[in-house]
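S.K.: Sending over a structure as structure tokens; questions will come in a sec.
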Amino acid sequence: MTNSVVLPYYDHNQSLNSYTDDFSDLARNAHETHLLGPWLIARVAESEGAEVTWFSRAIFLATLNEVQVLFWDVRANEAAVGAKIATHKLFTHRFLDRADVPKPRYSVVYSVQGAMKFAAKVGGAVVVKPIKGTRGRGVAIGLKSEEEIKIAYEQAKSSIGVLVEEQVKGTEYRFFVLGGEVLSVLGKKPAHVVGDGILSVSELVDAKNKLRALNPRLMTSLIPKDDVVEQNLAKQELAWESIPAKEQEVLLRHEANISMGADTFDATDSVPEVAKQAAIDAVAAIPGLDWAGVDVIVDSSDKLSPAAYIIEVNTGPGIGGHHFPMLGTPRDLATPLWRRAYEKQKALGGQFSIAPIQASLPAPCQRLVSIEGKVQKVGFRRWLRREATALNIQGWVRNHQDGTVRAVLKGDLAKVEQLLGKIHFGPKTASVERVSVTPHSRSFAHSGFIILKPR
């Protein structure tokens with residue numbers, strides 16, 4: 001099998017994928033400087049002749065034939081309003097309602113009593129979520145008792161209420177939809193090992209973690225050897241040193257959480273068509289949204305009439321998991337995503353203004369920079385030191401008592417301008433509102449780039 005620019009080599013005869021090819025090695029090394037999804041898309045863009053300029057680990061500009069496409073993670077030129085709606089769970093529900101897309105029953109509540117009343121109405125377990133948010137933060141599932149619901153409510157509450165949903169039965173999948181078509185479906189299975197009659201549970205976990213460490217998507221999500229696993233082993237009358245029989249499946253955790261060691265598997269060809277159509281309809285229901293990851297619960301208990309329920313619509317879907325599943329066929333999403341974004345931007349006229357910063361400054365240069373916004377206590381100084389060091393820029397950075405971050409940058413003009421462009425975005429935990437740049441001639445004795453004490 002010939003490696004493509006965006007797909008690894010995998011042996012379909014193996015039970016689990018082992019990513020030992022050159023492309024996977026590149027993807028693992030890219031982890032230090034780039035997010036996996038944007039790196040995959042940028043790699044395709046470059047292979048098709050685009051010039052790529054990176055602004056941060058997640059943001060890059062690709063220019064091809066005078067057409068400029070700016071990516072933030074895997075988002076490009078989707079309508080901003082569509083992306084905003086997708087982060088607001090109540091708005092998402094309402095737009096899905098308008099399109100008659102299948103999903104769980106829900107209610108917005110403003111008290112624990114309201115949540116309990118809804119739970120009594122549905123007559124089963126519920127899910128509690130913050131109305132605004134991403135990446136599953138503050139989401140609690142399988143809640144039945146008043147105490148469980150109370151704890152989850154306190155974690156998710158805000159001035160605009162809390163979303164409570166009926167918990168539907170079935171298996172959850174991540175569908176990637178682009179241009180009215182499902183390109184890939186990824187499933188998750190809770191952390192487990194399968195016995196071979198020779199290795200102990202502990203040795204089986206170690207062997208599986210070696211495979212996960214080779215997987216560019218799962219390399220930072222190894223199966224933990226913790227008390228939770230020990231408790232689950234005990235329930236199966238097993239321990240770390242136990243040797244499971246050949247083909248015996250040993251469950252290590254119950255939640256299908258990738259960060260806790262869950263396996264990912266390609267399910268594109270096995271999910272029912274009704275689920276694919278529901279995912280397509282969900283993306284189409286959000287104004288201006290052209291591609292997204294859609295979380296769908298699929299209930300196949302009735303083989304003749306399977307059901308599907310939309311759980312989430314995500315504009316930051318993490319395409320790396322589809323390129324590097326633990327089991328099954330890798331799917332190339334980066335190529336069609338780049339090409340569609342490029343063609344859409346080309347149709348819009350191609351270019352938009354990204355003005356150079358202080359383009360007239362002589363080289364070499366030294367400048368004082370003041371950064372305003374949410375920039376303190378969010379790792380901004382460490383981020384700036386890392387970026388400056390990578391560009392061989394000297395200087396310093398410190399927090400200031402007025403809430404700003406101030407820095408001096410000294411180095412080659414092009415490198416300083418490149419770093420100034422990145423500052424407008426900053427680390428993902430920050431929110432930069434304004435950057436001021438002024439000449440600075442005062443010398444400093446140290447070498448490199450350091451963090452000074454606040455002033």
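The values are calculated or read from the model by the stated rules, or taken from the named source; none is laboratory data. Fair warning: this is a prediction, and the values are worked out from it, not measured in the lab. Cβ sites come from the backbone with ideal geometry, for glycine too, and all protein chains shown count toward neighbours. Note: areas computed on protein heavy atoms with side chains; ligands, DNA, RNA excluded. Shrake-Rupley method; radii C 1.70, N 1.55, O 1.52, S 1.80 Å.
S.K.: To two decimal places, what compactness ratio does segment 380-455 give when its Cα radius of gyration is scaled by 2.2 N^0.38 Å?
M.R.: 1.03
S.K.: Taking every pair of alpha-carbon atoms in segment 301-455, what share in percent sits in each 5 Å bin, from 0 to the bin with the longest distance?
M.R.: The distribution over segment 301-455 is 2, 7, 13, 14, 13, 11, 10, 10, 7, 5, 3, 2, 2, 1, 0, 0, given as percents.
S.K.: Another question about this same structure. Taking the Cβ of residue 406 as the center, what net charge do the other residues with Cβ under 9 Å away carry, scoring Lys and Arg +1 and Asp and Glu -1?
M.R.: That sum, taken over residues with Cβ under 9 Å, equals +2.
S.K.: Ignoring ligands, DNA and RNA, please state the percent of accessible area on segment 222-352 from carbon and sulfur, probe 1.4 Å.
M.R.: 51 percent
S.K.: Mean separation of Cα pairs under 8 Å and 6+ residues apart, divided by the residue count of the chain: what relative contact order is that in percent?
M.R.: Computed value for the chain: 17 percent relative contact order.
S.K.: Assuming R0 = 35 Å, can you tell me the calculated FRET efficiency for the pair residue 110 and residue 301, based on Cβ-Cβ distance, to the nearest 0.05?
M.R.: 0.50
S.K.: Right, here's the next one. Taking all pairs of distinct Cα atoms, average 1/r, flip it, and tell me the Kirkwood hydrodynamic radius of the chain in Å to one decimal place.
M.R.: By the Kirkwood definition, the hydrodynamic radius is 24.6 Å.
S.K.: Mind jotting down the three principal axis lengths of segment 161-232 based on Cα atoms? Whole angstrom, largest first.
M.R.: Cα spread of segment 161-232 along its principal axes, largest to smallest: 47, 31, 24 Å.
S.K.: Looking at segment 59-189, I'd like the Rg to Rh ratio, where Rg is from alpha-carbon atoms and Rh is Kirkwood's inverse mean 1/r.
M.R.: My calculation puts Rg/Rh at 1.06.
S.K.: Can you tell me which lysines have their Cα less than 28 Å from the Cα of residue 210? Leave out same-chain residues fewer than eight positions away.
M.R.: Candidates past the 8-residue exclusion: 188, 189, 225, 235, 246.
S.K.: Taking 8 Å as the Cα distance limit and 6 or more residues as the minimum spacing, I'd like the relative contact order of segment 1-155 as a percentage.
M.R.: Answer for segment 1-155 is 12 percent.
S.K.: Using alpha-carbon positions, what is the distance between the centroids of segment 391-454 and segment 198-259, in Å?
M.R.: Computed from Cα coordinates, the inter-centre distance equals 45 Å.
S.K.: I need the Debye-formula profile for segment 1-128: one equal scatterer per C-alpha, no solvent, reported as log10 I(q)/I(0) at q = 0.10, 0.13, 0.22 1/Å, two decimals.
M.R.: -0.61, -0.81, -1.21
S.K.: Next up: Given the -39500 (n - 2.57) contribution per DSSP H run of 4+ residues, what per-residue ellipticity at 222 nm results for the chain, rounded to the nearest 500 deg cm²/dmol?
M.R.: So the helix-based figure for the chain works out to -9000 deg cm²/dmol.
S.K.: Something else about it: Quick one: Kirkwood hydrodynamic radius for segment 243-284, alpha-carbon pairs, angstrom, one decimal?
M.R.: 13.6 Å
S.K.: Hey, can you rank 39-49, 276-286 by average C-beta count inside 10 Å, highest first?
M.R.: Averaged packing, sorted descending, gives the order 276-286, 39-49.
S.K.: Let me ask something additional. Report, in debye and to the nearest 20, how large the dipole of the chain comes out about its Cα centre when Lys and Arg carry +1 and Asp and Glu carry -1 on their Cβ.
M.R.: The calculation lands at about 2240 debye.
S.K.: Moving on to the next point. Over the Cα atoms of segment 37-87, each weighted equally, I'd like the Debye log10 I(q)/I(0) at q = 0.15, 0.16, 0.23 Å⁻¹, rounded to two decimals.
M.R.: Treating every Cα as an identical point scatterer, log10 I(q)/I(0) equals -0.41, -0.46, -0.82.
S.K.: Under a 1.4 Å probe, what is the accessible area of the chain per residue, stated in Å²?
M.R.: Spelled out: the 1.4 Å probe surface of the chain, per residue, equals 49 Å².
S.K.: What number do you get for segment 180-330 when its Cα radius of gyration is normalised by 2.2 N^0.38 Å, N = residues?
M.R.: Computed over Cα atoms of segment 180-330, the ratio equals 1.19.
S.K.: Same structure, new question: Suppose the chain between residue 228 and residue 246 were pulled fully straight at 0.36 nm per residue; how much longer would it get relative to their current alpha carbon spacing?
M.R.: The span from residue 228 to residue 246 would gain 4.1 nm if fully extended.
S.K.: Take a quick pass over segment 14-168 and tell me how many lysine pairs come in under 13 angstrom between Cα atoms, counting only ones 8 or more apart or on separate chains.
M.R.: 10
S.K.: Along the charge dipole of the chain, pointing to its positive end and built from +1/-1 on Cβ of Lys, Arg, Asp and Glu, which listed residue (62, 27, 271) has its Cα farthest out?
M.R.: 62
S.K.: Along each of its three principal axes, how wide is the spread of alpha-carbon positions in segment 197-271, in whole angstrom units, largest first?
M.R.: Per principal axis, max minus min of the Cα coordinates gives 35, 27, 23 Å.
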